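The values are calculated or read from the model by the stated rules, or taken from the named source; none is laboratory data. The model shown is predicted, which means the values in this text are computed figures rather than measured ones. Heads up: the accessible areas ignore ligands, DNA and RNA and are worked out on the full protein's heavy atoms, side chains in. Shrake-Rupley method; radii C 1.70, N 1.55, O 1.52, S 1.80 Å.
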Amino acid sequence: PFGRSVERARSVRALRRARARDRAAMSNLKHDVGLGSVEIDSADVVRLVLQYLKETGLAGAAAALEDEAGVRVNAVVGKEALLEDIRKGKWAEALPRVAELDLPAAASADVWEHVVRELVDAREPAAARDVARGAAPLVALKGSDPERYQDLERLLVTADRFERLGGESYGASDKCDPWDGGDRDAKRRRVADVVGNAVGDVAPARLATLLGAALKWRAHVGAMAARGRVDVFRGEAKGAKKRGDEPAKPPKRAAGAIRLGAGSRPLSTCFAPDGTALVTGSSDGFIEVWDPATCRLRTDLSYQANDELMMHDAPVLALACA
């Protein structure tokens, strides 16, 4: 049994060394992008996956990945909305989002101490006491800054006594002011600034956005088909052949008709190199990008979706697509 224990210990040590080597090797991922190379921090890749897992409701998988990789997203979608909730005291909306963040110890203590004072101000001393003695950042504060924690405890004792005696308010006359003579809204703004300085802002669905951009580029350079369902793991379009795999054939039927505005007529056209767009230049100066398969305006281009079309002061007599 002793020999087996020694062998198992050696195996565990070897496994730990291998994992350490893997993590060191993965600290930076280098990719050739044609014009040089870029370095991607592997932790950022983990953050992309974490965001995807959380957005799709896979909280358990996200927690397991955070524990295994030791990486937290530490950024929120709609950061300004979170900060505005804090400034307005909407803690039911703000606290669940704050709890997901990996805030510095000092920032976490500031947030949770403020929550305790908000509860005292709302005449909820029992809830305030539960938070003060149960929130991990405040438990840590008890050891790192005992004087500050004792000030909070004294506030809780005073608030509890006034509640038992039926105190009508926590005003200065009662000597139970949770804001130490300051202004509640100013304190909220300070906490919002603390949180804002500690976390970043991130756009939603970053993984899907990056995958979409990569697939568009591959289709643009002819590395894969421009349409069809894509297997992103293998990098293939299911049920579709890559452009160039078969000889071009002349069309046998019209796809449809592109209709310009009343009184306008096309003066110039050109196809995009990958065949996914037809650009028209008209007599009234408009330049519009169309989907040749549907003969409809391309609304995946945000400016066209918002009716902010390209336009010249004179008729467009020639076009060229790069």
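Taking all protein chains together, C295, C321 sort by accessible area into C321, C295, largest first [probe 1.4 Å]. Taking the full set of protein chains and a 1.4 angstrom probe, give the accessible area of T299 in square angstrom, rounded to the nearest 10. Around 100 Å² of this residue is reachable by solvent. Residues in region 140-156 carry Karplus couplings, in order, of 5, 4, 4, x, 7, 9, x, 5, 5, 5, 5, 4, 5, 5, 5, 4, 5 Hz; the curve used is 6.51 cos²θ - 1.76 cosθ + 1.60 with θ = phi - 60°, and Gly or Pro positions show x. In the context of the full protein assembly, K88 retains an accessible surface of approximately 120 Å², using a probe radius of 1.4 Å and ignoring ligands and nucleic acids. Start at zero, step by 10 Å, and the Cα-Cα distances of region 40-173 spread as 11, 33, 31, 17, 7, 1, 0 percent across the bins. Scattering from region 103-155 was approximated by placing one identical point on each alpha carbon and applying the Debye formula without solvent; log10 I(q)/I(0) at 0.21, 0.23, 0.25 1/Å stands at -0.66, -0.79, -0.93.
Distant-in-sequence amide contacts of A205, defined by a placed amide H-H separation under 5 Å and a gap of 5 or more residues or a different chain, comprise nothing.
What full-extension length gain, to one decimal in nm, is calculated for N306 and V45 as 0.36 nm per residue of separation minus the Cα-Cα distance?
Values: separation 261, 0.36 × 261 = 93.96 nm, distance 3.26 nm.
Here the answer is 90.7 nm.
For region 127-154 versus region 267-322, the spacing of their alpha-carbon centroids is 63 Å. Think of a 1.4 Å ball rolled over the protein heavy atoms: region 271-319 then has 57 Å² of accessible area per residue. Taking amide H positions as modeled 1.01 Å from N, with prolines and chain starts lacking one, the residues under 5 Å from H312 and 5 or more places away or on another chain are F286, I287. Sequentially through region 201-208, phi angles give Karplus couplings (6.51, -1.76, 1.60; θ = phi - 60°) of 10, 9, 6, x, 6, 5, 5, 5 Hz, Gly and Pro residues having no value and appearing as x.
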